[in-house]
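Worksheet: one structure, shown below.
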Amino acid sequence: MKPLRKYVALAVDGGGIRGLITARALALVEAELGVPAGSLFQLLAGTSTGAIIAAALAAGMTADRVTELYLQLGADIFKPTLRSRLWPLTRYRYPLAPLYQALVENIGSATLREHNAQPNAPVLLVPVFDLVENRTRLVKSYKPEYAAWPLAQAALASCAVPTYFPVAGGRYVDGGVGSFANPVYLAAYETFFCQGWNPSETTLISIGTGRSPLPAKTPRFDRYYAWQWVEPIEGAFLQSAADQQVHLVQTFFGELDFRRFQVDMTEPVALDDARNLPALEDYGIALGRKILNDELDLAQWSPRRVLPRYPSQYPPRPLELGIGLLGAYLVARTVEPGKPGEPAPTPGEPDA
(Lines give C-alpha, C1' and ligand atoms only; values in the text may rest on other atoms or scores of the structure.)
Protein backbone atom coordinates (compact mmCIF):
# COMPACT_ATOMS: atom_id res chain seq x y z
CA MET A 1 0.00 0.00 0.00
CA LYS A 2 1.39 3.37 -1.03
CA PRO A 3 2.16 5.81 1.80
CA LEU A 4 -0.70 8.09 2.82
CA ARG A 5 -0.38 11.85 2.68
CA LYS A 6 -0.60 14.33 5.58
CA TYR A 7 -4.40 14.44 5.54
CA VAL A 8 -6.46 11.32 4.94
CA ALA A 9 -10.22 11.03 4.32
CA LEU A 10 -12.46 7.98 3.90
CA ALA A 11 -15.73 7.82 1.94
CA VAL A 12 -17.90 4.69 2.16
CA ASP A 13 -20.78 3.87 -0.19
CA GLY A 14 -24.24 2.71 0.79
CA GLY A 15 -25.33 -0.85 0.17
CA GLY A 16 -27.26 -2.36 3.07
CA ILE A 17 -25.92 -5.70 4.29
CA ARG A 18 -23.17 -5.37 1.69
CA GLY A 19 -21.48 -2.98 4.09
CA LEU A 20 -19.90 -6.19 5.39
CA ILE A 21 -17.69 -6.09 2.28
CA THR A 22 -16.26 -2.71 3.25
CA ALA A 23 -15.94 -3.55 6.94
CA ARG A 24 -14.05 -6.75 6.18
CA ALA A 25 -11.78 -4.94 3.70
CA LEU A 26 -10.90 -2.30 6.29
CA ALA A 27 -10.30 -5.03 8.89
CA LEU A 28 -7.76 -6.58 6.53
CA VAL A 29 -6.06 -3.20 6.11
CA GLU A 30 -5.85 -2.52 9.83
CA ALA A 31 -4.46 -6.02 10.45
CA GLU A 32 -1.77 -5.40 7.84
CA LEU A 33 -0.89 -1.92 9.12
CA GLY A 34 -1.15 -2.84 12.80
CA VAL A 35 -3.33 0.16 13.77
CA PRO A 36 -7.10 0.66 14.13
CA ALA A 37 -8.58 1.73 10.80
CA GLY A 38 -10.26 4.79 12.33
CA SER A 39 -6.91 6.22 13.44
CA LEU A 40 -5.85 6.58 9.81
CA PHE A 41 -8.46 9.21 8.93
CA GLN A 42 -9.15 12.82 9.86
CA LEU A 43 -12.42 12.79 7.91
CA LEU A 44 -14.99 9.99 7.75
CA ALA A 45 -17.89 10.21 5.29
CA GLY A 46 -20.51 7.53 4.79
CA THR A 47 -23.99 7.06 3.36
CA SER A 48 -26.52 4.53 4.64
CA THR A 49 -24.56 1.41 5.67
CA GLY A 50 -21.47 3.53 5.03
CA ALA A 51 -22.74 5.94 7.69
CA ILE A 52 -22.76 3.07 10.19
CA ILE A 53 -19.16 2.23 9.35
CA ALA A 54 -18.07 5.88 9.45
CA ALA A 55 -19.83 6.53 12.77
CA ALA A 56 -18.44 3.33 14.29
CA LEU A 57 -14.88 4.21 13.29
CA ALA A 58 -15.42 7.77 14.57
CA ALA A 59 -16.56 6.32 17.90
CA GLY A 60 -13.31 4.38 18.20
CA MET A 61 -14.42 0.92 17.10
CA THR A 62 -12.03 -1.21 15.10
CA ALA A 63 -13.01 -2.40 11.62
CA ASP A 64 -12.61 -5.96 12.88
CA ARG A 65 -15.29 -5.30 15.52
CA VAL A 66 -17.55 -3.68 12.91
CA THR A 67 -17.16 -6.81 10.77
CA GLU A 68 -18.19 -8.97 13.73
CA LEU A 69 -21.32 -6.88 14.23
CA TYR A 70 -22.39 -7.29 10.59
CA LEU A 71 -21.94 -11.06 10.93
CA GLN A 72 -23.72 -11.23 14.30
CA LEU A 73 -26.57 -8.81 13.73
CA GLY A 74 -27.24 -8.90 9.99
CA ALA A 75 -29.71 -11.77 10.25
CA ASP A 76 -31.53 -10.09 13.17
CA ILE A 77 -31.89 -6.70 11.50
CA PHE A 78 -33.03 -8.22 8.18
CA LYS A 79 -35.08 -11.00 9.75
CA PRO A 80 -37.88 -12.22 7.44
CA THR A 81 -41.29 -11.77 9.02
CA LEU A 82 -44.91 -11.70 7.92
CA ARG A 83 -44.46 -7.96 7.34
CA SER A 84 -41.55 -8.44 4.95
CA ARG A 85 -43.30 -11.28 3.13
CA LEU A 86 -46.44 -9.19 2.62
CA TRP A 87 -44.53 -6.23 1.18
CA PRO A 88 -45.52 -4.22 -0.94
CA LEU A 89 -48.85 -4.46 0.90
CA THR A 90 -47.03 -3.11 3.98
CA ARG A 91 -45.38 0.31 4.31
CA TYR A 92 -41.94 -1.14 4.98
CA ARG A 93 -40.26 -4.51 5.49
CA TYR A 94 -38.20 -4.21 8.69
CA PRO A 95 -38.53 -2.14 11.88
CA LEU A 96 -35.74 0.30 12.77
CA ALA A 97 -35.69 -0.55 16.48
CA PRO A 98 -33.29 -3.57 16.27
CA LEU A 99 -30.83 -1.54 14.19
CA TYR A 100 -31.06 1.43 16.54
CA GLN A 101 -30.55 -0.75 19.60
CA ALA A 102 -27.44 -2.28 18.02
CA LEU A 103 -26.09 1.18 17.16
CA VAL A 104 -26.60 2.54 20.68
CA GLU A 105 -25.09 -0.54 22.33
CA ASN A 106 -21.97 -0.37 20.18
CA ILE A 107 -21.54 3.27 19.15
CA GLY A 108 -22.95 4.74 22.34
CA SER A 109 -25.25 7.67 23.03
CA ALA A 110 -22.71 10.50 22.56
CA THR A 111 -23.92 13.49 20.58
CA LEU A 112 -22.08 15.06 17.69
CA ARG A 113 -21.23 17.97 20.01
CA GLU A 114 -19.58 15.57 22.46
CA HIS A 115 -17.78 13.78 19.65
CA ASN A 116 -16.48 17.03 18.18
CA ALA A 117 -15.19 18.17 21.59
CA GLN A 118 -12.84 15.20 21.86
CA PRO A 119 -9.15 15.87 21.07
CA ASN A 120 -8.20 14.89 17.51
CA ALA A 121 -11.74 13.69 16.78
CA PRO A 122 -12.22 13.03 13.04
CA VAL A 123 -14.79 15.07 11.16
CA LEU A 124 -17.90 12.96 10.55
CA LEU A 125 -20.01 13.65 7.44
CA VAL A 126 -23.31 11.81 6.92
CA PRO A 127 -25.83 12.63 4.15
CA VAL A 128 -29.49 12.38 5.20
CA PHE A 129 -32.48 13.13 3.01
CA ASP A 130 -35.09 15.40 4.61
CA LEU A 131 -38.54 14.65 3.18
CA VAL A 132 -40.12 17.69 4.83
CA GLU A 133 -37.72 20.14 3.17
CA ASN A 134 -37.18 17.91 0.10
CA ARG A 135 -33.40 18.15 0.17
CA THR A 136 -30.27 16.38 1.30
CA ARG A 137 -28.90 17.47 4.65
CA LEU A 138 -25.17 17.14 5.17
CA VAL A 139 -24.97 16.19 8.84
CA LYS A 140 -21.48 17.21 9.96
CA SER A 141 -20.03 16.74 13.42
CA TYR A 142 -18.98 20.39 13.73
CA LYS A 143 -22.19 22.08 12.50
CA PRO A 144 -24.18 23.72 15.32
CA GLU A 145 -27.59 22.73 13.92
CA TYR A 146 -26.70 19.04 14.34
CA ALA A 147 -24.82 19.33 17.65
CA ALA A 148 -27.61 17.64 19.62
CA TRP A 149 -27.85 14.67 17.26
CA PRO A 150 -26.46 11.44 18.76
CA LEU A 151 -24.03 9.61 16.45
CA ALA A 152 -26.34 6.60 16.54
CA GLN A 153 -29.34 8.63 15.38
CA ALA A 154 -27.37 10.32 12.60
CA ALA A 155 -26.31 6.92 11.28
CA LEU A 156 -29.85 5.57 11.70
CA ALA A 157 -31.38 8.43 9.70
CA SER A 158 -28.93 7.85 6.86
CA CYS A 159 -29.88 4.14 6.85
CA ALA A 160 -33.66 4.49 6.64
CA VAL A 161 -33.97 3.10 3.12
CA PRO A 162 -37.52 3.70 1.83
CA THR A 163 -39.58 0.50 1.48
CA TYR A 164 -37.06 -1.39 3.65
CA PHE A 165 -37.33 0.69 6.85
CA PRO A 166 -39.81 3.26 8.18
CA VAL A 167 -39.06 6.97 7.98
CA ALA A 168 -36.79 8.12 10.83
CA GLY A 169 -38.24 10.86 13.01
CA GLY A 170 -41.16 11.31 10.64
CA ARG A 171 -38.98 13.09 8.05
CA TYR A 172 -35.55 11.51 7.42
CA VAL A 173 -34.68 8.73 4.97
CA ASP A 174 -31.57 7.18 3.48
CA GLY A 175 -28.89 9.65 2.39
CA GLY A 176 -28.64 7.83 -0.93
CA VAL A 177 -32.07 9.19 -1.92
CA GLY A 178 -30.62 11.85 -4.17
CA SER A 179 -27.11 11.99 -5.57
CA PHE A 180 -24.96 10.79 -2.72
CA ALA A 181 -25.19 7.02 -2.27
CA ASN A 182 -21.45 7.37 -2.83
CA PRO A 183 -20.38 10.39 -0.72
CA VAL A 184 -16.92 10.71 -2.28
CA TYR A 185 -17.60 14.06 -3.98
CA LEU A 186 -18.96 15.40 -0.71
CA ALA A 187 -15.77 14.24 1.01
CA ALA A 188 -13.55 15.86 -1.63
CA TYR A 189 -15.56 19.09 -1.43
CA GLU A 190 -15.30 19.04 2.36
CA THR A 191 -11.54 18.55 2.41
CA PHE A 192 -10.80 21.38 -0.01
CA PHE A 193 -13.54 23.97 0.45
CA CYS A 194 -14.52 23.46 4.11
CA GLN A 195 -11.46 22.08 5.90
CA GLY A 196 -8.95 23.95 3.74
CA TRP A 197 -6.71 20.94 3.18
CA ASN A 198 -4.15 21.26 0.41
CA PRO A 199 -5.08 18.64 -2.24
CA SER A 200 -1.40 17.91 -2.82
CA GLU A 201 -1.20 16.88 0.85
CA THR A 202 -4.45 14.90 0.92
CA THR A 203 -5.34 11.26 0.33
CA LEU A 204 -9.01 10.41 -0.27
CA ILE A 205 -9.93 6.73 -0.13
CA SER A 206 -13.32 5.75 -1.53
CA ILE A 207 -14.62 2.23 -0.93
CA GLY A 208 -17.61 0.62 -2.60
CA THR A 209 -19.86 -2.17 -1.37
CA GLY A 210 -19.65 -4.42 -4.41
CA ARG A 211 -20.72 -3.97 -8.03
CA SER A 212 -23.52 -6.25 -9.18
CA PRO A 213 -23.10 -8.08 -12.50
CA LEU A 214 -25.23 -7.17 -15.48
CA PRO A 215 -28.04 -9.67 -16.18
CA ALA A 216 -27.23 -12.31 -18.80
CA LYS A 217 -30.63 -11.71 -20.39
CA THR A 218 -32.12 -8.24 -20.69
CA PRO A 219 -35.37 -8.05 -18.66
CA ARG A 220 -38.60 -6.95 -20.33
CA PHE A 221 -38.77 -3.59 -18.58
CA ASP A 222 -41.86 -2.64 -20.56
CA ARG A 223 -43.76 -5.35 -18.66
CA TYR A 224 -42.68 -4.32 -15.16
CA TYR A 225 -45.25 -3.66 -12.44
CA ALA A 226 -44.73 -0.76 -10.02
CA TRP A 227 -43.02 -2.81 -7.29
CA GLN A 228 -40.61 -4.36 -9.79
CA TRP A 229 -39.00 -0.97 -10.36
CA VAL A 230 -37.49 -0.88 -6.86
CA GLU A 231 -34.44 -2.95 -7.82
CA PRO A 232 -33.58 -1.01 -11.03
CA ILE A 233 -33.94 2.28 -9.15
CA GLU A 234 -31.64 0.97 -6.40
CA GLY A 235 -29.14 0.07 -9.11
CA ALA A 236 -29.29 3.61 -10.47
CA PHE A 237 -28.48 5.06 -7.03
CA LEU A 238 -25.88 2.49 -6.01
CA GLN A 239 -23.96 2.06 -9.26
CA SER A 240 -24.60 4.67 -11.93
CA ALA A 241 -24.82 7.65 -9.56
CA ALA A 242 -21.89 6.31 -7.55
CA ASP A 243 -19.72 6.15 -10.66
CA GLN A 244 -20.72 9.72 -11.53
CA GLN A 245 -19.47 10.91 -8.14
CA VAL A 246 -16.15 9.17 -8.78
CA HIS A 247 -15.87 10.84 -12.16
CA LEU A 248 -16.49 14.27 -10.62
CA VAL A 249 -13.64 13.80 -8.17
CA GLN A 250 -11.34 12.46 -10.89
CA THR A 251 -12.14 15.45 -13.07
CA PHE A 252 -12.00 18.35 -10.63
CA PHE A 253 -9.53 17.35 -7.93
CA GLY A 254 -6.46 16.49 -9.96
CA GLU A 255 -3.84 17.10 -7.25
CA LEU A 256 -5.69 14.89 -4.79
CA ASP A 257 -4.29 11.43 -4.09
CA PHE A 258 -7.63 9.82 -4.95
CA ARG A 259 -8.01 6.07 -4.57
CA ARG A 260 -11.27 4.37 -5.49
CA PHE A 261 -11.68 0.69 -4.65
CA GLN A 262 -14.51 -1.60 -5.70
CA VAL A 263 -15.03 -5.33 -6.16
CA ASP A 264 -17.13 -7.02 -8.84
CA MET A 265 -19.60 -9.61 -7.58
CA THR A 266 -20.37 -12.74 -9.54
CA GLU A 267 -23.99 -12.80 -8.36
CA PRO A 268 -26.27 -9.93 -7.31
CA VAL A 269 -26.84 -9.59 -3.56
CA ALA A 270 -29.89 -7.67 -2.36
CA LEU A 271 -29.49 -4.98 0.29
CA ASP A 272 -31.30 -7.17 2.83
CA ASP A 273 -30.03 -10.63 1.85
CA ALA A 274 -28.40 -11.77 5.08
CA ARG A 275 -28.14 -15.35 3.77
CA ASN A 276 -25.03 -14.42 1.80
CA LEU A 277 -22.78 -13.28 4.65
CA PRO A 278 -19.96 -15.78 3.93
CA ALA A 279 -19.84 -14.71 0.27
CA LEU A 280 -19.86 -11.03 1.27
CA GLU A 281 -16.99 -11.64 3.65
CA ASP A 282 -15.03 -13.27 0.83
CA TYR A 283 -15.69 -10.23 -1.36
CA GLY A 284 -14.44 -8.08 1.50
CA ILE A 285 -11.18 -10.03 1.68
CA ALA A 286 -10.73 -9.60 -2.07
CA LEU A 287 -11.45 -5.87 -1.75
CA GLY A 288 -9.03 -5.53 1.15
CA ARG A 289 -6.29 -7.08 -0.97
CA LYS A 290 -7.06 -4.60 -3.73
CA ILE A 291 -6.59 -1.76 -1.25
CA LEU A 292 -3.31 -3.15 0.05
CA ASN A 293 -2.07 -3.74 -3.52
CA ASP A 294 -3.28 -0.34 -4.78
CA GLU A 295 -5.52 -1.94 -7.43
CA LEU A 296 -7.70 1.06 -8.21
CA ASP A 297 -11.18 0.71 -9.65
CA LEU A 298 -12.22 2.52 -12.80
CA ALA A 299 -15.84 3.68 -12.88
CA GLN A 300 -17.77 1.94 -15.64
CA TRP A 301 -18.17 4.97 -17.86
CA SER A 302 -15.11 6.93 -16.78
CA PRO A 303 -12.29 7.14 -19.37
CA ARG A 304 -9.09 5.30 -18.56
CA ARG A 305 -6.77 8.10 -19.49
CA VAL A 306 -6.11 10.76 -16.86
CA LEU A 307 -7.61 14.11 -17.85
CA PRO A 308 -6.37 17.54 -16.78
CA ARG A 309 -8.39 18.15 -13.64
CA TYR A 310 -9.29 20.91 -11.23
CA PRO A 311 -7.57 22.22 -9.20
CA SER A 312 -4.83 22.40 -11.87
CA GLN A 313 -3.42 24.81 -14.41
CA TYR A 314 -5.57 23.28 -17.16
CA PRO A 315 -9.22 24.35 -17.48
CA PRO A 316 -11.80 21.55 -17.75
CA ARG A 317 -13.57 20.93 -21.04
CA PRO A 318 -17.16 22.22 -21.44
CA LEU A 319 -18.86 18.87 -20.74
CA GLU A 320 -16.69 18.26 -17.67
CA LEU A 321 -17.33 21.81 -16.47
CA GLY A 322 -21.08 21.32 -16.82
CA ILE A 323 -21.01 18.08 -14.83
CA GLY A 324 -18.83 19.67 -12.18
CA LEU A 325 -21.04 22.74 -11.83
CA LEU A 326 -24.08 20.50 -11.43
CA GLY A 327 -22.28 18.53 -8.73
CA ALA A 328 -21.19 21.73 -6.97
CA TYR A 329 -24.79 23.02 -7.10
CA LEU A 330 -26.13 19.81 -5.53
CA VAL A 331 -23.58 20.11 -2.75
CA ALA A 332 -24.04 23.85 -2.23
CA ARG A 333 -27.82 23.67 -1.90
CA THR A 334 -27.43 21.29 1.03
CA VAL A 335 -24.91 23.39 2.95
CA GLU A 336 -27.31 25.61 4.92
CA PRO A 337 -30.67 24.69 6.43
CA GLY A 338 -33.84 26.50 5.45
CA LYS A 339 -33.43 28.80 8.47
CA PRO A 340 -29.69 29.33 9.04
CA GLY A 341 -28.56 28.62 12.58
CA GLU A 342 -31.78 26.89 13.65
CA PRO A 343 -31.16 23.43 15.18
CA ALA A 344 -32.35 20.62 12.95
CA PRO A 345 -34.94 18.29 14.53
CA THR A 346 -33.27 15.11 15.75
CA PRO A 347 -34.44 11.78 14.28
CA GLY A 348 -35.36 10.53 17.75
CA GLU A 349 -35.68 6.94 18.87
CA PRO A 350 -37.69 4.64 16.60
CA ASP A 351 -40.80 2.84 17.78
CA ALA A 352 -40.36 -0.78 18.77
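Please work out if ALA121 is part of a helix (DSSP H, G or I) and either under 14 Å from ALA54 (Cα atoms) or among the basic types (Lys, Arg) (or both).
no
Name the one entry in GLU190, GLU114 that is among the charged types (D, E, K, R), at pLDDT 95 or above and either in a loop (DSSP other than H, G, I, E, B) or open to solvent by 10 Å² or more (accessible area, probe 1.4 Å) (or both).
Exactly one residue qualifies, and that residue is GLU114.
Which pairs turn up if I take residues in the range 246-260 that are more than 22 Å from GLY196 (Cβ to Cβ) and look for partners that are open to solvent by less than 10 Å² (accessible area, probe 1.4 Å) and at pLDDT below 90 with beta carbon separation below 9 Å, at least 6 apart in sequence or on another chain?
Matching pairs, first to second residue: VAL246/ALA299; HIS247/ALA299; ARG260/ALA299.
Scan LEU20, LEU33 and give me the residue that is over 19 Å from VAL139 (Cβ atoms) and touching a helix residue (DSSP H, G or I) at 6+ places or on another chain (Cβ under 6 Å).
LEU20
Can you tell me how many residues within the range 117-162 are aromatic (Phe, Trp, Tyr) and either out of contact with any Leu (no Cβ under 7 Å at 6 or more places or on another chain) or surrounded by fewer than 17 Cβ atoms within 10 Å (Cβ to Cβ) (or both)?
So the answer is 2.
Out of the residues in the range 168-187 that are more than 23 Å from GLU105 (Cβ to Cβ) and more than 17 Å from the chain's Cα centre (by Cα), which is least open to solvent (accessible area, probe 1.4 Å)?
Here the answer is ARG171.
Each row is one residue, and each column tells you yes or no for (1) modelled with pLDDT under 95; (2) touching a helix residue (DSSP H, G or I) at 6+ places or on another chain (Cβ under 8 Å); (3) open to solvent by 10 Å² or more (accessible area, probe 1.4 Å).
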residue	(1), (2), (3)
LEU43	no, yes, no
ALA55	no, yes, no
THR67	no, yes, no
LEU71	no, yes, yes
PRO88	yes, yes, yes
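Among the numbered conditions (1) open to solvent by 30 Å² or more (accessible area, probe 1.4 Å); (2) among the aromatic types (Phe, Trp, Tyr); (3) under 18 Å from GLY19 (Cβ atoms), tell me where TYR92 comes up short.
In the conditions (1) open to solvent by 30 Å² or more (accessible area, probe 1.4 Å); (2) among the aromatic types (Phe, Trp, Tyr); (3) under 18 Å from GLY19 (Cβ atoms), TYR92 misses (3) alone.
Within the range 55-101, which residues are among the β-branched types (Val, Ile, Thr) and part of a helix (DSSP H, G or I)?
Correct list: VAL66, THR67, ILE77.
VAL8: out of contact with any strand residue (DSSP E or B) (no Cβ under 6 Å at 6 or more places or on another chain) and of a type in the set (Val, Ile, Thr), yes or no?
Answer is no for this residue.
Working only within the range 90-111, note down all residues that are within 30 Å of TYR225 (Cα to Cα) and either modelled with pLDDT of 95 or more or not β-branched (Val, Ile, Thr) (or both).
ARG91, TYR92, ARG93, TYR94, PRO95, LEU96
The values are calculated or read from the model by the stated rules, or taken from the named source; none is laboratory data. Since this is a predicted model, take the numbers as computed values, not measurements. All Cβ positions, even for glycine, are placed from backbone atoms using ideal geometry, and neighbour counts span all protein chains on display. These area figures cover heavy atoms from the full protein model, side chains too; ligands, DNA and RNA do not enter into them. Shrake-Rupley method; radii C 1.70, N 1.55, O 1.52, S 1.80 Å.
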